[in-house]
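Structure, as structure tokens:
The values are calculated or read from the model by the stated rules, or taken from the named source; none is laboratory data. Keep in mind that this is a model prediction, so the values were computed, not measured. Note that we place each Cβ from the backbone using ideal geometry, even for glycine, and neighbour counts take in every protein chain shown. Heavy atoms of the whole protein, side chains included, go into the accessibility calculation; ligands, DNA and RNA do not. Shrake-Rupley method; radii C 1.70, N 1.55, O 1.52, S 1.80 Å.
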Amino acid sequence: MIVAGVDIGSQTSKAVVLKGDNIYRSALFPTGTDLYAVARKVVENAAQELGHTFDDIQRIVATGYGRVSVPFAADTMSEITCNAVGAYHFYPDARVIVDIGGQDSKAIKLNDEGKVVNFAMNDKCAAGTGRFLEVAAETLGVSVAELAALSRRSGNRIRISSTCTVFAQTEIVSLIARRTPQEDIAAGLHESIVSRVYGLVNSIGPGDTGRVVMTGGVARNDAIVSLLANAMKREITVPEDPQIVTAFGAALVARSRVGSE
Amino acid sequence: MQLILDKLKLRYSRRNTEIVKWKDDTGGKVIGCLPMYFPEEFVHAAGLLPVTLFGDDGPIAHANRHLMTNACGAVRGTFEDLLLGKYDDLDGVAAVLICDQVRFFFQVWSLDHEFDFFHQMWRPFNIDQSSRPFLLNELKRLKSALEEFTGNAITPDKLCESIRLFNETRSLMRALNDIRKTRPGLLKASDLVKAIAAGMIMPKEEYNSILKELITQTRDSDYESGEKPKVMVCGHPCGMPEEEILDLIEEMGAVIVGDDFFTGSRYFSVDVPCSGDPVEAYADFLLNLIPCTTYHYPQNWIGQDRSISTYGDYVADHVRENGIQGVILLREMYCDPFDLEFVMLKKKLEERNIVHITLNTGHEAGSLETQRTRIQGYLEMLNC
């Protein structure tokens with residue numbers, strides 16, 4: 001049985017093609033403006049990696065904000081459920097998932113069966129998301145990866161008071177003009193994003209047992225993971241490929257629905 | 001059926017021009033009443049047409065100059081309409097001061113715009129032994145003000161007659177709502193709130209006959225309800241809920257079978273008693289409405305370890321009694337009464353294992369796409 005999950009995010013589109021229980025390949029492309037084209041391309045690429053073609057796939061489930069623009073998908077499912085299904089598959093003891101993507105962040109609470117019992121998403125703006133870090137990195141003239149490295153070298157973390165991405169950018173420009181060291185600005189930015197995400201996590205009543213898993217592109221930023229772990233006073237597990245967990249969950253949902261109609 | 005619903009929605013959307021037309025046709029006078037709980041029957045008994053003022057939900061271009069940033073959508077929308085001259089054809093305005101925002105800003109109305117009739121009615125926030133005499137006095141004050149404005153005496157008979165007419169409206173609205181409950185999906189929630197709101201801007205005599213025909217046609221419909229998760233939607237205590245959100249909830253696969261909107265159950269759930277002195281009966285009516293976030297129940301605040309929410313119990317009971325699977329809370333930004341009750345309401349829903357979600361709504365509240373994800377995620381929780 002070959003199935004696929006495709007996660008059309010605001011910044012990046014991901015696909016996982018799953019064969020049998022555990023053999024899978026993934027692909028990832030920038031989303032761009034043609035959602036249908038990128039969805040097709042990312043699924044085709046993942047299928048090719050597995051030595052198959054698009055037509056070999058028996059069922060596809062689409063998720064992510066662009067899920068409604070994937071006409072070849074048999075079903076759509078929210079990224080909340082797909083993320084939970086994916087994370088629970090890799091870590092059956094996962095009870096809290098923190099997912100920080102390009103333009104949204106989510107906190108999801110699972111019960112012992114892996115069912116979503118509560119969730120929260122960021123409101124209104126890009127504060128507390130990957131886009132916040134991208135804008136900040138651009139303003140400082142470094143890459144997102146360099147931003148994390150800079151943050152770790154800070155000896156004097158400053159406070160970024162603006163929670164709005166655009167206003168924070170203005171604040172960074174002002175800090176640069178005052179010759180604040182880049183390291184300290186970077187550390188303040190990381191602190192800012194973590195404080196937003198920590199508030200989100202607290203709003204779902206995370207409890208104090210079970211594994212905390214972090215997914216999404218920002219989970220690759222070990223400075224964020226470390227700061228959030230400190231704030232939560234919990235260890236945080238980051239999957240090997242945190243960006244594809246939601247697409248993987250969508251593929252698992254597709255597998256569970258093959259032959260259901 | 002849909003034709004009547006569409007006509008009522010059109011009447012609602014043209015509510016300001018409807019006023020002009022009614023005045024031209026009848027030569028009568030119109031009093032605009034801010035939501036909610038205004039004793040419309042008194043206005044009617046004085047020979048005037050009471051119309052509820054719903055602000056426009058478009059961009060706020062003028063009101064923001066005068067209002068603080070945390071004014072709610074209902075206050076902003078109505079004040080914007082006032083500044084745009086949309087209420088120029090009203091002969092008067094009146095409001096029950098249901099919250100601090102209405103209390104503050106309604107006084108500003110009188111400074112900005114001179115109306116022939118302007119009346120603020122106080123209402124007790126705490127329901128206790130002192131509430132009834134206070135409310136009774138306020139109703140008598142309203143009666144006198146209307147009599148002075150019109151020169152018409154509001155006799156007990158006239159008031160009873162108006163109460164009976166408005167009770168008939170509430171009864172018809174309840175009948176329509178019962179159909180929504182027993183045949184889920186037959187009536188779209190967004191159609192229903194507009195159909196109810198139309199009744200607040202039209203003469204009740206005309207509206208009731210339209211509603212009777214709508215009920216007949218709705219009962220005759222051969223629509224068959226499917227198996228969809230049934231939800232109750234609460235929030236927006238006094239304003240019009242966003243049509244897009246209601247449609248999104250139902251497009252995503254749920255069916256709304258209960259609500260707590262002013263343009264819904266809150267308006268028609270309870271009748272005014274028709275026996276005895278009508279002014280006293282009206283005071284009792286206002287004190288025995290379904291629980292509301294704009295009322296305080298002082299006994300709820302006594303004790304540290306008690307989780308009491310009269311409003312939360314009302315919502316939870318409604319859910320359990322009607323076989324509803326979950327609750328969607330529409331948390332209108334900057335609505336103080338709802339925000340104050342919100343924590344206790346959530347706690348109560350959690351205690352009673354009622355799956356719920358909160359959607360922040362109101363002016364500039366965020367994109368519909370993120371709401372789509374939240375709603376879909378929530379409905380998947382219900383279906384799992």
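Things worth noting here:
- Mean projected area of the convex hull spanned by the Cα atoms of chain A, taken over all viewing directions: 13.7 nm².
- Across peptide A:112-121, the mean count of Cβ atoms from other chains lying within 10 Å of each residue's own Cβ comes to 3.
- Mean Cβ neighbour count within 10 Å, used as a protection proxy, ranking B:20-33, B:230-243, B:95-108 highest first: B:230-243, B:95-108, B:20-33
- Using the alpha-carbon positions of segment B:310-368, Rg (one decimal) and Dmax (whole number) come out as 12.1, 35 Å.
- Using all pairs of distinct alpha-carbon atoms, the Kirkwood hydrodynamic radius of segment B:10-109 works out to 14.1 angstrom.
- Sorted on the mean count of surrounding Cβ atoms within 10 Å across their residues, most packed first, peptides B:3-13, B:126-136 read B:3-13, B:126-136.
- Chains B and A together bury roughly 1400 Å² of accessible area, counting both sides, with a 1.4 Å probe on protein heavy atoms only.
- For chain B: rounded, prolate or oblate by the Cα gyration tensor [a/c cutoff 1.5]: rounded
- Computed on the Cα trace of segment A:93-238, the radius of gyration divided by the Kirkwood hydrodynamic radius gives Rg/Rh = 0.99.
- B:Arg132 versus B:Asp339: modelled label distance in nm, points set 7 Å from Cα along the beta carbon direction: 3.5 nm
- Only Lys, Arg (+1) and Asp, Glu (-1) charged, at Cβ; chain A dipole about Cα centre in debye: 480 debye
- Remark on segment B:156-276: ratio of C-alpha radius of gyration to 2.2 N^0.38 Å is 1.11.
- Using equal-weight Cα scatterers in the Debye expression, the normalised intensity of the protein assembly as shown in log10 at q = 0.10 Å⁻¹ is -0.99.
- Shielding by partners for peptide B:370-383, expressed as the average number of C-beta atoms from other protein chains within 10 Å of each residue's C-beta, is 6.
- Dipole moment magnitude, nearest 20 debye, chain B about Cα centre, only Lys, Arg, Asp, Glu C-beta charged: 440 debye
- Measuring spread by the Cα atoms of segment A:1-143 yields a radius of gyration and Dmax of 15.9, 48 Å.
- Average partner coverage of A:72-85, which counts Cβ from other chains inside 10 Å: 3
- For the pair A:Asp56 and B:Val270, a Förster radius of 60 Å applied to the C-beta separation gives a FRET efficiency near 0.45, rounded to the nearest 0.05.
- DSSP-assigned coil residues among trypsin sites (Lys or Arg not before Pro) in segment A:226-261, each with at most 15 further Cβ atoms within 10 Å: A:Lys233
- Apportionment of accessible area to carbon and sulfur, segment B:7-152, percent (1.4 Å): 48 percent
- Cα centre as origin, Lys/Arg/Asp/Glu Cβ charges: the protein assembly as shown dipole, Debye: 1200 debye
- Helical mean residue ellipticity (222 nm; -39500 (n - 2.57) per DSSP H run of 4+; nearest 500) of chain A: -13000 deg cm²/dmol
- Segment B:97-125 and segment B:248-295 have Cα centres spaced 22 Å apart.
- Per-selection Rg to Rh, segment B:211-333 - Cα, Kirkwood hydrodynamic radius: 1.02
- Segment B:37-184 pair-distance distribution - Cα-Cα, 10 Å bins, rounded %: 10, 32, 33, 22, 4
- Surface accessible to a 1.4 Å probe, per residue, for the residues of the protein assembly as shown, Å²: 42 Å²
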